[in-house]
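Undergrad: One structure, as structure tokens, below. Some questions next.
None of the figures in this text is laboratory data; all of them are computed from the coordinates on show. Keep in mind that this is a model prediction, so the values were computed, not measured. Cβ: placed from backbone, ideal geometry, glycine included. Neighbour counts: every protein chain shown.
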Amino acid sequence: MSTISVGLSSRLAKSHAEKHQNYVAAPVFGRPEAAAAGRLFIVSAGASEPIERCRSLFAAMGQRTFMISEDAPAANLIKLSGNFLTTAVIESLAESFALVRKAGVDPLKFLEVLTESMFSAPVYKTYGAMIAADNFEPVGFKLPLGFKGNRLLQAAAEEASVPMPMVSLMHDRFVAALAQGLGNADWAAVARVAYKSAGL
């Protein structure tokens, strides 16, 4: 259920098969508060019979379990890709909030317009509120974990010969955030890199 590389998931699947054991990849989406409430989204892949045996466990932890593929690493690729999309949302929010703040627009009014119109999804509400307030507490997902996921996705993209320029940009944003001492902050604190670039 960890966020691991596609390559490691492939090796685990092969190793389990050689020992006539079952392997199910089941990474999750959701912050700690979602986990505590049993509201995670679980992405499962592997042989159908062992996944069926895990269903009651998944039901206790999550609000929905997605069955992806017989190929276990597919779940890990989806998890890494989903995390990347979250970082792209965070970066887009950071740049937008840097602009409106520098122009003298109330960031909370901007947040209200965004989240009560076209961008009402939880990812915009959660991270938009943190970025608008320039407050990255409580930490739900530490910045180095986001950096790790970004690197794992870069490796998968390179292996598949798929160029992903935004992944490279986010790599640099994470490096800059770590260099600025934000290693204990929530991963949304990469927004401070955009703020600093804008002179805020």
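Undergrad: So if I place +1 on the C-beta of Lys and Arg and -1 on the C-beta of Asp and Glu, and nothing else carries charge, what would the dipole magnitude of the chain be about its Cα centre? I want it in debye, nearest 20. Working shown, then result.
TA: Details: 19 positive and 17 negative charges, 57 e Å.
The calculation lands at about 280 debye.
Undergrad: Here is a follow-up. State the answer as a single residue: which of LEU200, MET118, ASN135 lies farthest towards the positive end of the charge dipole of the chain, with beta carbon charges of +1 for Lys and Arg and -1 for Asp and Glu, about the Cα centre.
TA: The residue sitting farthest along the positive end of the dipole is ASN135.
Undergrad: Something else about it: Run the numbers for GLN21 and ALA179: contour at 0.36 nm per residue of separation, minus the present Cα-Cα distance, in nm.
TA: Values: separation 158, 0.36 × 158 = 56.88 nm, distance 4.31 nm.
This chain segment gains 52.6 nm when fully extended.
Undergrad: Tally the DSSP beta bridges in the chain and give the antiparallel ones as a percent, rounded to 5.
TA: Around 50 percent antiparallel, to the nearest 5.
Undergrad: Working from Cα positions, state the angle (0 to 90°, nearest 10) between the long axis of helix 143-159 and the longest principal axis of the chain.
TA: 60 degrees
Undergrad: Return the label of the correct value of Cα extents along the principal axes in Å, as calculated from the structure shown, out of [x] 62, 34, 28; [y] 53, 37, 33; [z] 44, 43, 34.
TA: [x]
Undergrad: Could you give the radius of gyration (one decimal) and Dmax (whole number) of the Cα atoms in region 6-75, in Å?
TA: Taking only Cα atoms of region 6-75, I get Rg and Dmax of 12.4, 38 Å.
Undergrad: Here's a follow-up. Where does helix 122-133 land angle-wise versus the long Cα axis of the chain, in degrees 0 to 90, nearest 10?
TA: Value to nearest ten degrees: 40.
Undergrad: Find which of PHE29, ALA45, MET67 sits farthest along the positive direction of the dipole of region 6-75, computed with +1 on the beta-carbon of Lys and Arg, -1 on that of Asp and Glu, about the Cα centre.
TA: PHE29
Undergrad: Relative to the first principal axis of the alpha-carbon coordinates of the chain, what is the inclination of helix 6-18, with its axis defined by its Cα atoms, in degrees from 0 to 90 and to the nearest 10?
TA: Tilt of helix 6-18: around 10 degrees.
Undergrad: Kindly count the pairs of lysines across region 77-197 whose alpha carbons are less than 19 Å apart, treating pairs on different chains or eight or more residues apart as eligible.
TA: Eligible lysine pairs with Cα atoms under 19 Å apart amount to 5.
Undergrad: Next question, about the same structure. Which residue, GLU91, GLU70, GLU33, has the most motion in a Gaussian network model of the chain that connects Cα atoms within less than 10 Å?
TA: GLU33
Undergrad: Considering the chain as a Gaussian network with a 10 Å cut-off on Cα pairs, which listed residue, LYS19, LYS125, LYS102, attains the greatest mean-square fluctuation?
TA: Between LYS19, LYS125, LYS102, it is LYS19 that shows the largest mean-square fluctuation.
Undergrad: With +1 on the Cβ of every Lys and Arg and -1 on the Cβ of every Asp and Glu, and nothing else charged, how large is the dipole of region 6-75 about its Cα centre, in debye rounded to the nearest 20?
TA: About 180 debye.
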